[in-house]
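What follows is calculated from the coordinates using simple rules that are stated; it is not laboratory data. Being a predicted model, the structure only gives us computed values, none of them experimental. Neighbour counts are summed over all protein chains in view; Cβ atoms, including those assigned to glycine, are modelled from backbone coordinates with ideal geometry.
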Amino acid sequence: MRADLSGADLSKADLKGANLAYANLHGANLEGASLREAKLTFADISKANLKGADLRRTDSTETNFSGANLTDAQVNGVELFRADLSGAILRGANLTAANFRLANVHGADFHGAILTTTVLRETDLEGVDLSGLDLSTTLMPRNWKSTAQGKS
């Protein structure tokens, strides 16, 4: 059964380790919530407010974060394989060791994000502005330098 929490106010909720796979959290308020180590696979978290949320070590494989606000969120070690982050706001988010392999990041805002040892390999970064970010330890797509001159 798919949990329907669309539009729910879960701000500051402790959802550590929760199984929210396939859940509908579209437009939910998860500001400051702890989702640490939660299972979010295939969940719809589009247009949700995750400002300052703790998502460390969540499994977010194929999760829909499109249009979500992840400003200042802790996204360390998160599995985002094939996740949809199109139009997501990741300003100031800590994305250390997050895996964005094959994720959709079209139009995502990474301004001020921390990308230490982040995996962006096999991710289409066309049109994504990574200027001003420290990418020295970020695993970038093989062709990134040739197609994104001046953005490192």
> Only one residue in LYS39, LYS12, LYS51 is free of Cβ contacts under 8 Å to residues at least 24 places away in the same chain, buried (at least 18 other Cβ atoms within 10 Å of the Cβ), of a type in the set (Lys, Arg) and farther than 28 Å from GLY127 by Cα. Which one?
Replying inline: LYS39
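Could you list, in sequence order, the residues of the range 1-19 that are closer than 19 Å to GLY67 by Cα and either assigned to a loop (DSSP other than H, G, I, E, B) or within 19 Å of the chain's Cα centre (by Cα) (or both)?
Passing the criteria: LEU5, SER6, GLY7, ALA8, LEU10, SER11.
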> Applying the selection to the range 62-79, what residues are among the hydrophobic types (A, V, I, L, M, F, W, C) and within 12 Å of LEU25 (Cβ to Cβ)?
Replying inline: PHE65, ALA68
> Condition test on ALA103, is it touching a residue at least 12 places away in the same chain (Cβ under 8 Å) and either surrounded by fewer than 20 Cβ atoms within 10 Å (Cβ to Cβ) or farther than 22 Å from ASN29 by Cβ (or both)?
Replying inline: yes
> Could you list, in sequence order, the residues of the range 46-73 that are among the aliphatic types (A, V, I, L, M) and farther than 21 Å from LEU115 by Cβ?
Replying inline: ALA48
